[in-house]
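Input: a single structure, listed below in structure tokens.
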């Protein structure tokens, strides 16, 4: 009887392993893969933190953009006071590497979810947002049962029109409800994120939007002060507006996320002259798998790139992305462009960094054309 | 010194566990989660296989739609001759559950990838597609080195204008190149998939497209026959056109994938009267996390739903999805619609099933409102 090796004996079943090895050249990376240009990441990180820290306020880097503890540790090393996440489960891999100050910039609703936050609060200084009394009671009961203290931020709508209350009366009621759970719940301040302002192209439009946000924040603070509540922290802001919140005199902390990666959307913003231009750090590497007279085809598609902010942009001169399907990207060239051949590797800039990273298990950190580190996207799929 | 429990001791770090338990009601499922209505899945499966098998040809179910071995085993049990995958690594979890006949309906380019296919061929009857001589040499060398035989299908462009040759001369050259690697490579037939025809809304348009595809196939077969090659298999087709390929007299095998799940796009096709109407099987379950005077917000967004074929559709009467961000879906209601409250759970139909499933680690199989089985999406992220 012949011995047939099992799948695991033969080294198969292992595609979750990193698609590269340290020290190899970029051409040796299996594709489709996401690569991070370390020089650009380090420059973006230093420049954005300098702007915010020079203004005298805190950077709480948003980890939803990268979901990667290796990047979060670099952000902490560069002076971040803590990180933000968007889901309770997303906090876990960051706590595991020792990051102890985490704000969930979102409502957390449901028994299993508040239970998760209360358990995490035994390991890290945890905060979350509320905009409804139901949330306060759910998290208050869980925090009491676990004997922990959780920071609660009242989320206010400063123009994004997603979550958050726009009523000062509601904000006061929320603060009063939070107080009834003291010391298990601590009223920590206001979450005041203007998401849609991040992608306004003109500096004047962004400045107007953040000025209006600051007015809303002040109105809320006045109502809360009048009701006897001090507001110690105002947090918000992102890669598109961080310099405005930093200089506002109203925000105490900003939450940039995309700045360490960038994508094909953010560079479309026109910048104020005193704001540093950030470089694209995140690229997708693909292989040409088919060449036809009219077009060529790459080996990554909708399962490797998020397209909610547009198609990825190929960085090979003369070539343009025309469409994506599940595992294919079709590209065409201008007349006179040198042809690509089957097996060529090409770089693309994803349309939107956050949901693109969430499709991958690994980020390949490269410098000078060589793989320097392999970073797991540990919070990939942490949607609970 | 106080003992602080580690993350793992306290049961944290575990969000990859299924967000439900068998026997629970749907309301007890943690969100956002994908649920599968088992009755609908079983009906779709039986009806599509009946149409194809009645026509006397084979069903090779496409597993890229679901990436889930539990579903593939049901497809095999319902008479599928094998499965298709779109990537070499995607085959592995299906081989691990004993599925032994797998066609990669794609070009496989690169040393690490052809090595993977050659290793898999020691465990399963493997096939792949080629449209370029470079691919034939890469896979031929790997198959010889591993002492395995691999089926090779020549992919032809039958109107989709993605991969595939449209030149009979190229097809003959490819068959000749494949023959030089005999017995390591076996020329198995033609891959002739008309992807864009799947989503043509009018039956007449789909019929014309597949009739044209059949003409292209016959032209290729004639050229190959003339050069001394017999063409034993012609494979292609999908959920939008499977009945046309089944009745064509040209195709020997069809490759439907989405039929077991369906999404918000396929029901927009008008059906021929003799083609069974398929039910939506796949739903996303979300929780209402915020309620404002003008809108409400759900706890799943771009990291839970693919939006390349449009926004998800909420199935609560009077409510409409207006926008998604990373972890939020905003919904609005018509005047007079009963309000939703924080904590309510709602169902949505994703715009495009394939890339949506690829965002999730689990499918929750439900029947009569109860969780019946928990299915891992084992090939999630298998993009290599």
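Odds and ends about this structure:
- Residue B:284 satisfies every condition listed in (1) more than 7 Å from chain A (Cβ to nearest Cβ); (2) more than 19 Å from the chain's Cα centre (by Cα); (3) buried (at least 21 other Cβ atoms within 10 Å of the Cβ); (4) in a strand (DSSP E or B) except (2).
- When residues in region B:353-374 are screened for being surrounded by 20 or more Cβ atoms within 10 Å (Cβ to Cβ) and either over 26 Å from residue B:290 (Cα atoms) or more than 8 Å from every other protein chain (Cβ to nearest Cβ) (or both), 12 of them pass.
- Only one entry of B:158, B:148, B:134 meets the criterion of being more than 17 Å from residue B:216 (Cα to Cα), within 14 Å of chain A (Cβ to nearest Cβ) and in a loop (DSSP other than H, G, I, E, B), and that entry is B:148.
- Test: residue A:267 is farther than 26 Å from residue A:20 by Cβ and either part of a strand (DSSP E or B) or outside the structural domain of residue A:366 (by TED's automatic domain parsing) (or both): yes
- Matching entry among A:247, A:253 (being in contact (Cβ under 8 Å) with a residue 60 or more places away in the chain, over 27 Å from residue A:306 (Cβ atoms) and under 19 Å from the mean Cα position of the chain (by Cα)): A:253
- Total residues in region B:195-208, condition assigned to a helix (DSSP H, G or I) and either modelled with pLDDT under 95 or closer than 21 Å to residue B:352 by Cβ (or both): 6
- Looking only at residues of region B:289-306 that are without any contact (Cβ under 8 Å) to a residue 40 or more places away in the chain and part of a loop (DSSP other than H, G, I, E, B), we find that the one that is nearest to the other protein chains (Cβ to nearest Cβ) is B:302.
- Residue B:176 being surrounded by fewer than 18 Cβ atoms within 10 Å (Cβ to Cβ) and either farther than 16 Å from residue B:143 by Cβ or outside the structural domain of residue B:103 (by TED's automatic domain parsing) (or both): yes
- Among the residues here, residue A:234 does not qualify as in a strand (DSSP E or B) and over 21 Å from the mean Cα position of the chain (by Cα).
- One residue from B:171, B:177, B:192, B:143 being within 14 Å of chain A (Cβ to nearest Cβ) and either modelled with pLDDT under 95 or touching a strand residue (DSSP E or B) at 6+ places or on another chain (Cβ under 6 Å) (or both): B:171
- Strands (runs of 3 or more DSSP E) completely within region A:308-384 that count 1 or more residues being more than 26 Å from residue B:105 (Cβ to Cβ) and touching a residue at least 40 places away in the same chain (Cβ under 8 Å): A:345-349, A:362-367, A:370-376
- In region B:1-24, the residues that are exposed (fewer than 12 other Cβ atoms within 10 Å of the Cβ) and modelled with pLDDT of 90 or more: B:23
- Some residue of region B:263-277 being more than 14 Å from chain A (Cβ to nearest Cβ) and either surrounded by 24 or more Cβ atoms within 10 Å (Cβ to Cβ) or on the phi > 0 side of the Ramachandran plot (or both): no
- Some residue of region B:222-242 being in contact with a helix residue (DSSP H, G or I) (Cβ under 7 Å, 6 or more places away or on another chain), farther than 26 Å from residue B:132 by Cβ and without any contact (Cβ under 8 Å) to a residue 40 or more places away in the chain: no
- Residue B:293 meets all of the listed conditions (1) modelled with pLDDT of 95 or more; (2) under 23 Å from residue A:154 (Cβ atoms); (3) out of contact with any strand residue (DSSP E or B) (no Cβ under 6 Å at 6 or more places or on another chain) but one, namely (1).
- The lone exception for residue A:309 - which of (1) within 11 Å of another protein chain (Cβ to nearest Cβ); (2) more than 21 Å from residue A:72 (Cβ to Cβ); (3) buried (at least 17 other Cβ atoms within 10 Å of the Cβ); (4) in contact with a strand residue (DSSP E or B) (Cβ under 8 Å, 6 or more places away or on another chain) it fails: (4)
- Within region A:72-92, the set of residues being closer than 17 Å to residue A:242 by Cβ and out of contact with any strand residue (DSSP E or B) (no Cβ under 7 Å at 6 or more places or on another chain) comprises just one member, A:78.
- Residue in region B:105-123 that is assigned to a strand (DSSP E or B), over 19 Å from residue B:358 (Cβ atoms) and more than 8 Å from every other protein chain (Cβ to nearest Cβ) present: no
- The set of residues in region B:100-127 being under 17 Å from residue B:81 (Cα atoms), surrounded by fewer than 24 Cβ atoms within 10 Å (Cβ to Cβ) and in contact with a helix residue (DSSP H, G or I) (Cβ under 6 Å, 6 or more places away or on another chain) consists of B:123, B:124.
Residue by residue, here is whether (1) crowded, with 19+ Cβ neighbours inside 10 Å; (2) in a helix (DSSP H, G or I); (3) assigned by TED's automatic domain parsing to the domain that holds residue B:84; (4) in contact with a helix residue (DSSP H, G or I) (Cβ under 8 Å, 6 or more places away or on another chain) holds:
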| position | (1), (2), (3), (4) |
| --- | --- |
| B:169 | no, yes, yes, yes |
| B:189 | yes, no, yes, no |
| B:193 | yes, no, yes, no |
| B:210 | yes, yes, yes, yes |
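The values are calculated or read from the model by the stated rules, or taken from the named source; none is laboratory data. All values derive from a computational prediction rather than experimental measurement. FYI the Cβ positions are ideal-geometry reconstructions off the backbone, even for glycines, and counts take in every protein chain you see.
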